[in-house]
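The values are calculated or read from the model by the stated rules, or taken from the named source; none is laboratory data. Note that the structure is predicted; figures quoted are calculated from it, not measured. We place every Cβ from the backbone using ideal geometry, glycine too, and count neighbours over all the protein chains shown. Heavy atoms of the whole protein, side chains included, go into the accessibility calculation; ligands, DNA and RNA do not. Shrake-Rupley method; radii C 1.70, N 1.55, O 1.52, S 1.80 Å.
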Amino acid sequence: MIVTTAGLERTVARFGREPLLACDLEADSLHHYQEKVCLIQLSTPRESVLVDPLAFADLSPLAPVMADHSVRKLFHGADYDIRSLHRDFGIEVNNLFDTMIACQFLGEKEVGLAAVLKKRFGVELDKRYQKADWSRRPLPPGMIDYAVEDTRLLIDLYGQLEVELRAKGRLSWVEEECELLSRVRVASRAAEPLFLRFKGAAMMDPRRLAVLEQLLRFRDEKASQRDLPAFKIVGNDAIRELAAKLPRKGGDLAGIPGLTPKLVERYGQGLLDAVMRGMECPADKLPVYPRQPRLVRDRLQEERLKRLKAWREERSRELGIDGGILANNALLEVLAEAKPRQGKEDELLAAMKQWQREEFGAELMELLRRM
């Protein structure tokens, strides 16, 4: 367990000489209002270490090796990890290889780490600590063992996957996908209404949206005060029901799913006040859920999209990978809506990733020209 700057600097110096570095992290999003990275697991072929971010005021000594293009960083399902490392520490990851993406491009049916390690190495991951509070200190031995297991076999897994991808001619596909993934960042949502992240809000009328926003603000304030995730203050089902029923008095809270007598006692008046604030919102200030204008395709565009999807289904079956991995709907829609004109094919090819252009760009342009 690395808890000092000197220890971290020595570790980074060793790891900077390694060609491969397996990485993972654990956070506390299920236990605190503001989630944070609580543990960083790193493995080379010779050793595994755990870096304790909570012990550091500054984690910058780790940044150079993570940014080093000569050291390949191995993650499994890296999206959240890449965003979190940059959000909390400003750390960028270069030369990323995501073993989950590799599994998808090899046509694996189950791509979760536990399923992959069981299939390939017969290893059963202990998932008891999957939802544990990783901010607790000291970490018990069982949680430490669990953390190490998440990176210990990634290097061996990478070795197998790289051989298989080379054999199928798909290694460059995965490397390009990983390069794009390494650039993802947490989007700032500070100025957004809270209802934009609430499932079901899009179906509500403006008045209920105003009520929902006030309920969510009340819940968020209490969550911040108590340093808890919002769902541990009042669950989403209860919030949704409150926005639907618009209770005016204490008795109206009875029977709302998820609102226990204890929650009513603690938050009942605050919830009723939030409903009232939403109800009192002036008509000209009522929120409206933003909607993308519905694209109306003509008959020829619809026919092109249908044939493109048929092409994708056939091609993905030949390659043994999921159609959405081969070409997502967004790409097919762009191609269907803008049939290539003579000399303008480059405009459509630019919508594809490089590996897609090389693998089937010409094939798709020819298909579209014949439609």
message: Among the residues that make up region 73-80, is at least one of them among the basic types (K, R) and open to solvent by 10 Å² or more (accessible area, probe 1.4 Å)?
response: no
message: Looking at region 190-198, can you tell me whether even one residue there is of a type in the set (D, E), loosely packed, with under 13 Cβ neighbours inside 10 Å and touching a residue at least 60 places away in the same chain (Cβ under 8 Å)?
response: no
Filter result for the condition that a residue is open to solvent by less than 30 Å² (accessible area, probe 1.4 Å), among the aliphatic types (A, V, I, L, M) and either over 30 Å from A223 (Cβ atoms) or not in a loop (DSSP other than H, G, I, E, B) (or both), over L54, L25: L25
- request: Check region 149-159 and report whether any residue there is surrounded by 14 or more Cβ atoms within 10 Å (Cβ to Cβ), β-branched (V, I, T) and closer than 19 Å to D322 by Cα.
  value: no
- request: Kindly check whether there is at least one residue in region 303-324 that is free of Cβ contacts under 8 Å to residues at least 40 places away in the same chain, under 29 Å from L196 (Cα atoms) and touching a Phe, Trp or Tyr at 6+ places or on another chain (Cβ under 9 Å).
  value: no
task: Provide a single number: the residues in region 243-267 that are surrounded by 17 or more Cβ atoms within 10 Å (Cβ to Cβ) and either touching a Ser or Thr at 6+ places or on another chain (Cβ under 7 Å) or of a type outside the set (A, V, I, L, M) (or both).
output: 2
query: Does R120 count as at pLDDT below 95 and surrounded by fewer than 20 Cβ atoms within 10 Å (Cβ to Cβ)?
result: no
message: Just to be sure I understand the filter: pairs with C-beta atoms under 8 Å, separated by 6 or more residues or on different chains, first member in region 35-46 and under 14 Å from I82 (Cα atoms) and open to solvent by 10 Å² or more (accessible area, probe 1.4 Å), second member small (G, A, S) and not in a loop (DSSP other than H, G, I, E, B). Which pairs pass?
response: K36/A27
Odd one out for V234, checked against (1) among the hydrophobic types (A, V, I, L, M, F, W, C); (2) open to solvent by 30 Å² or more (accessible area, probe 1.4 Å); (3) within 30 Å of H32 (Cα to Cα); (4) not in a helix (DSSP H, G or I): (2)
field: Positions within region 281-335 being open to solvent by 100 Å² or more (accessible area, probe 1.4 Å) and of a type in the set (V, I, T), in sequence order
entry: V288, V296
task: Output the residues belonging to region 6-22 that are open to solvent by less than 20 Å² (accessible area, probe 1.4 Å) and not aromatic (F, W, Y).
output: G7, L8, T11, L21, A22
- request: Kindly indicate whether any position in region 69-76 is without any contact (Cβ under 8 Å) to a residue 12 or more places away in the chain and farther than 24 Å from K131 by Cβ.
  value: no
